[in-house]
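J.: This is the structure, below, for whatever I ask next.
The values are calculated or read from the model by the stated rules, or taken from the named source; none is laboratory data. In this text the structure is predicted, and so the values were computed from the model without any measurement. For neighbour counting, all protein chains shown are included, and Cβ atoms are generated from backbone atoms with ideal geometry for every residue, glycine included. Surface areas here come from the heavy atoms of the whole protein model, side chains and all, with no ligands, DNA or RNA. Shrake-Rupley method; radii C 1.70, N 1.55, O 1.52, S 1.80 Å.
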Amino acid sequence: MATIYSATEPDEGPEDLPGREVDLDKIERGVRLILEGVGEDTGRAGLQRTPRRVAEMYAELTAGMREDAREHVRALPGDKHDEMVIVKDISFASLCEHHLAPFVGKCHVAYIPKAGRIVGLSKLARLVETFARRLQVQERLTSEIADTLFDGLKPVGVMVVMEAEHTCMTIRGVKKPGAITITSAIRGGFRKDSRTRAEAMALIREKE
Ligand code: ZN
């Protein structure tokens, strides 16, 4: 029997205050250059605070660069649960490192604990958030979540599935709105055991 949790929203934002170790002034100067580059008048009213706002936005969207993801995968003491745990529909937003364009979607995390080592459910959402809030490619993002959970918790197996829409594909370039990229990373027991893998996939796919 598996335990399924649905997480439509991560419970809270990153602990680190964005911008703490970010050079906001430098980003601001860069944004001003972009505005000039596209032919804008940086002095007009609507754009006056734009460079600062954009700098603050990038600080927030890269906050995961200044966090240690391993902190989110410490095992809870004294638990005995050894059945599959799935947290699905963890929403995330990340920035593709090729275009600095957002890609947005959902992450599903499944793992089978070993020796009762489990992690708090909200911590899984934090783990996803920490890696998502960096400049990423979806494949690496997926692997980093799986590897950190696998190394930190030493479970029997880990499976991470991510589905996302990449705005660099949907609003520019090939312009394929609605195209969804799906990636997965499978570690440990899930690799060998196709039935357990199928069970996890079925639970992830199941709609309430
Ligand atoms: Zn891209």
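J.: Between 0 and 90 degrees, rounded to the nearest ten: what's the tilt of helix 50-61 against the longest Cα principal axis of the chain?
T.: Orientation of helix 50-61: about 10 degrees from the principal axis.
J.: For helix 138-153, what angle does its Cα long axis make with the longest principal axis of the chain, in degrees from 0 to 90 and rounded to 10?
T.: 50
J.: In addition: How large is the charge dipole for the stretch 21-109, taken about the Cα centre, if only the Cβ atoms of Lys, Arg (+1) and Asp, Glu (-1) carry charge, to the nearest 20 debye?
T.: Dipole about the Cα centre, nearest 20: 220 debye.
J.: Simple spin-label model, 7 Å along Cα-to-Cβ: Arg29 to Arg70 in nm?
T.: Simple spin-label model gives 3.5 nm for this pair.
J.: Nearest 5 is fine: what % of DSSP beta bridges in the chain come out antiparallel, could you say?
T.: 80
J.: Something else: Using a 1.4 Å probe on the protein heavy atoms, what percent of the accessible area of the stretch 79-208 belongs to carbon and sulfur?
T.: 55
J.: Let me ask another. Using the alpha-carbon atoms, what tilt in degrees (0 to 90, nearest 10) does helix 24-37 show relative to the longest principal axis of the chain?
T.: Its long axis makes an angle of about 60 degrees.
J.: Evaluate Rg over Rh across the chain, taking Cα atoms for both radii and Kirkwood's formula for Rh.
T.: 1.05
J.: Among 105-111, 94-100, 168-174, what's the highest-first ranking by average C-beta atoms within 10 angstrom per residue?
T.: 105-111, 94-100, 168-174
J.: Kindly report the accessible area of the chain per residue (heavy atoms of protein chains, probe 1.4 Å, no ligands, DNA or RNA), in Å².
T.: About 54 Å² of surface per residue is accessible.
J.: Using alpha carbons only, what's the Rg to Rh ratio of the stretch 22-64 with Rh from Kirkwood?
T.: Rg divided by Rh gives 1.01.
J.: Let me cross-check Ile118: its accessible surface, 1.4 Å probe, with only protein heavy atoms counted, in Å² to the nearest 10?
T.: Estimated to the nearest 10 Å², Ile118 gives 20 Å².
J.: Taking the stretch 32-65, which trypsin sites (Lys or Arg not before Pro) meet the DSSP loop condition and have no more than 16 other C-beta atoms within 10 Å?
T.: Hits after loop and neighbour filter: Arg44, Arg49.
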